[in-house]
Every structure is written in C-alpha cells, then in structure tokens.
Amino acid sequence: MKEFILLLLIFTFNSCKQKNRLVTSTVSSNNTTSTITITSERIVTLKTDATLSGDSFDFDTLKGKYVLIDFWGTWCAPCVKEMPRIKDFHESFNDKLYVLGINQGDSKARVRQFITSNEYSWTQIINGAGSSDFVLKFNVISFPTKLIVDPQGNILHRFVGGSEKVFNKLSELLRE
C-alpha cells in the first residue's frame, strides 16, 4: 500500500509540474520551418510554412477570433464524417471563427485532392515528423481531436473522437 501511495504522489507531482510546462521548438527541414510554443492551456506561438498551399501561417494573426483546430486524416472515418459540419461553421461564422486543419498521415497530393473535391477552403497544415510533429506537440492521442481556442489564444476545450459536443460548444460560444 505504501508503494502505491508513493507512486500516486510521484505521478501527481509530475502531472502538476508538467501542466504549465512551456514547450518551444523551431525546426527547419525539407524546406519547411515551424516554430511552436505552447503550454497546456495556451498557444503562445505557432508559425509554420508546412501548409498545404506552401504559404506561411502565423497563429498571432488570428488574435480576436475563436479558432477551431481539427486534427484529422482521410483514413479516419469519423474525421471525414465531421468535415461537412466544420465547413458549415467555417462559412457561417467566418467573421468570428478561424478553422485550422492539421492533417496526419496523408501525402500533400492526397490532402489536396480531398480538400479540392469537397470544396474545403480553410488552412491545412501537413503534420511533420520528429520535432516538427504538431500532433505530438499538442498531445493528440486519438483522431479526430479538436481544440477550441479563444480569441486570446487560450485553449478552452479539447474534444477527442467524433461527437456533436464540439459543435454544440462552438454554437454556444459563437452566438454570444
């Protein structure tokens, strides 16, 4: 029993200690540069040119809007199923909401074909490997995962798996 309590205390201490940890990395590889600084509750910096279009993306330009970050892949049936709902929100609330897709596991050609054929027009980042792995930096463990970020960059909600909850929460926030 003493061992269990000791392990529980160590786990709790480490969990609390890591809660507000600051993770920063700048990576340049394969002609792609990404910088990300996050805590468990806030996106401080997210800059990358790993977008599908090849354009630079800077999270700081989104201050003042809610942001929906969608971690997805074409291989993920629940991810694909939710995309029309995301499109509806993107089109209906484009003055209050910015949608950012982060694709995992697909080639640029596959993402481009999928996005074009379905007329999804929001920014897409292609997840990298190793140090430029956004999935790893945001601690994504399952797909789909969606984050709702407030206009100041605070991560308000994390939704894992396919669910109406994310859309209900977005409706509540955007109709205020």
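The values are calculated or read from the model by the stated rules, or taken from the named source; none is laboratory data. What you see is a predicted model, and the numbers here were worked out from it, not measured in a lab. Every residue, glycine among them, receives a Cβ derived from its backbone with ideal geometry; neighbour counts consider all protein chains shown.
Any residue at all in segment 155-171 that's of a type in the set (A, V, I, L, M) and more than 16 Å from the chain's Cα centre (by Cα)? Break it down into steps so the answer makes sense when it comes.
Filtering segment 155-171 down to residues of a type in the set (A, V, I, L, M) leaves 155-156, 160, 166, 170.
Narrowing further to those that are more than 16 Å from the chain's Cα centre (by Cα): none.
No, segment 155-171 has no match at all.
Check segment 41-63 and report whether any residue there is outside any strand (DSSP E or B), at pLDDT 50 or above and touching a Pro at 6+ places or on another chain (Cβ under 7 Å).
yes
Report, by residue number, each residue of segment 54-73 that is of a type in the set (Asp, Glu), surrounded by fewer than 19 Cβ atoms within 10 Å (Cβ to Cβ) and within 21 Å of Asp133 (Cβ to Cβ).
Hits for segment 54-73 are Asp55, Asp58.
How about segment 35-85: which of its residues are in contact with a helix residue (DSSP H, G or I) (Cβ under 9 Å, 6 or more places away or on another chain), in contact (Cβ under 8 Å) with a residue 40 or more places away in the chain and among the basic types (Lys, Arg)?
Arg85 - this is the single residue of segment 35-85 that is in contact with a helix residue (DSSP H, G or I) (Cβ under 9 Å, 6 or more places away or on another chain), in contact (Cβ under 8 Å) with a residue 40 or more places away in the chain and among the basic types (Lys, Arg).
Return yes or no: is Ser107 under 25 Å from Ser163 (Cβ atoms) and more than 14 Å from the chain's Cα centre (by Cα)?
Values: under 25 Å from Ser163 (Cβ atoms): no; more than 14 Å from the chain's Cα centre (by Cα): yes.
It is false that Ser107 is under 25 Å from Ser163 (Cβ atoms) and more than 14 Å from the chain's Cα centre (by Cα).
Counting only residues that are hydroxyl-bearing (Ser, Thr, Tyr) and either in contact with a Cys (Cβ under 8 Å, 6 or more places away or on another chain) or part of a helix (DSSP H, G or I) (or both), how many does segment 64-73 have? Break it down stepwise before answering.
Restricting attention to segment 64-73, the residues satisfying the condition of being hydroxyl-bearing (Ser, Thr, Tyr) are 66.
Add one more test, that the residue is either in contact with a Cys (Cβ under 8 Å, 6 or more places away or on another chain) or part of a helix (DSSP H, G or I) (or both), and what stays is none.
Qualifying residue count for the region: 0.
Out of segment 74-116, which residues are buried (at least 16 other Cβ atoms within 10 Å of the Cβ), among the hydrophobic types (A, V, I, L, M, F, W, C) and part of a loop (DSSP other than H, G, I, E, B)?
Cys76, Phe93
Could you tell me whether any residue of segment 135-152 is at pLDDT 95 or above, touching an Asp or Glu at 6+ places or on another chain (Cβ under 8 Å), under 23 Å from Glu172 (Cβ atoms) and among the aliphatic types (A, V, I, L, M)?
For segment 135-152, residues at pLDDT 95 or above, touching an Asp or Glu at 6+ places or on another chain (Cβ under 8 Å), under 23 Å from Glu172 (Cβ atoms) and among the aliphatic types (A, V, I, L, M): absent.
Under 7 Å between Cβ atoms, which residue pairs at least 6 apart in sequence (or on different chains) link something in segment 149-169 that is loosely packed, with under 14 Cβ neighbours inside 10 Å and of a type outside the set (Ser, Thr, Tyr) with a partner that is at pLDDT below 95 and part of a strand (DSSP E or B)?
Listed by first residue and then by second, the contacts come to Asn154/Arg42.
Of (1) touching a residue at least 40 places away in the same chain (Cβ under 8 Å); (2) within 26 Å of Glu172 (Cα to Cα), Asn94 satisfies all except one. Which?
Looking at each condition in turn, Asn94 falls short on (1).
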